[in-house]
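Before any comments, here is the structure.
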Amino acid sequence: MSKIDVKINSSLFPIGVFLISCGEIGKNANIVTMGWVIPISSNPPLLGISLRKKRHSYELIKKSNDFIVNIPTREILKETDYCGNVSGRDVNKFEKTGLTPIPGRKVKSPLIKECPINLECKIIKDMELGDHNFIIGEVVSKSVNEEILNEKGKLDINKMNLFSYGSNRYFDVGEVIGKWGFSLR
Ligand SMILES: Cc1cc2nc3c(=O)[nH]c(=O)nc-3n(C[C@H](O)[C@H](O)[C@H](O)COP(=O)(O)O)c2cc1C
């Protein structure tokens, strides 16, 4: 099997796709679709998002100093793609998609009701790295829809119709094929 040199880029796949909500309800609430989102620390709970400075959302996030990471499902795949292809400078994405903004519990940014998991973040760092800004947020509140909890009150990932992303395509997330540590048993 031979290895062939190809054009260098930083793309990795599969990755998740998330809806980042920002701005204020009734004023400038906006949604931006993002693939470059990563957990950084569990204690304190920190997340990083890599956002281009020229995005309208960047301006809004800098103003409020917070943002919300919402996990979308297959039911809103079309809306997710839409929010990644138009700017909040030109359209009201909540109105256009019919997605529902609800007040954040601990931050000014609104949650997206249709997303079963919402992580409210307060910004602790913003670093210009290459052509993106890497913004680190501390998760200050997390809410989940009751329907995705099992009878023990624990999150049941199978109850969510998740999707992933890679090479400009969206993919189904399939059945469970293993559990952390299964190789040791
Ligand atoms: C699947 C997908 C993933 C994206 N990931 C990112 C990302 O990680 N960072 C980024 O700056 N833009 C990303 N974008 C592009 C923005 O979502 C897009 O430019 C959006 O229109 C910006 O909206 P705004 O101007 O309202 O902020 C992605 C778009 C799509 C469709």
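The values are calculated or read from the model by the stated rules, or taken from the named source; none is laboratory data. The structure presented is a predicted model; accordingly, all values stated were derived computationally and were not measured. Backbone-built Cβ (ideal geometry, glycine too); neighbour counts: all protein chains shown. To get the accessible areas, we keep the full protein, side chains included, count just its heavy atoms, and leave off ligands, DNA and RNA. Shrake-Rupley method; radii C 1.70, N 1.55, O 1.52, S 1.80 Å.
Percentage of Cα-Cα pair distances in the range 101-164 greater than 15 Å, rounded to whole percent? Of the Cα pairs, 62 percent sit more than 15 Å apart.
Ordering 37-47, 130-140, 14-24 by mean Cβ neighbour count within 10 Å, with the highest value first, yields 14-24, 130-140, 37-47.
If one puts a single equal scatterer on every Cα of the range 13-63 and applies the Debye formula without solvent, what log₁₀ I(q)/I(0) results at q = 0.17, 0.24, 0.32 Å⁻¹? Listed by q, the Debye log ratios stand at -0.59, -0.98, -1.20.
Of all the Cα-Cα pairs you can form in the range 41-109, what percent are over 19 Å apart? Above the 19 Å cut-off, the range 41-109 has 42 percent of its Cα pairs. All Cα-Cα separations within the chain were binned at 10 Å from zero, giving a P(r) of 9, 34, 37, 15, 5, 0, each value a whole percent of the pairs. Take each peptide in 170-177, 102-109, count the other Cβ atoms within 10 Å of every residue, and average; sorted highest first, the result is 102-109, 170-177. Of T100, T80, the residue with the largest accessible area leads and the full order is T100, T80 (1.4 Å probe).
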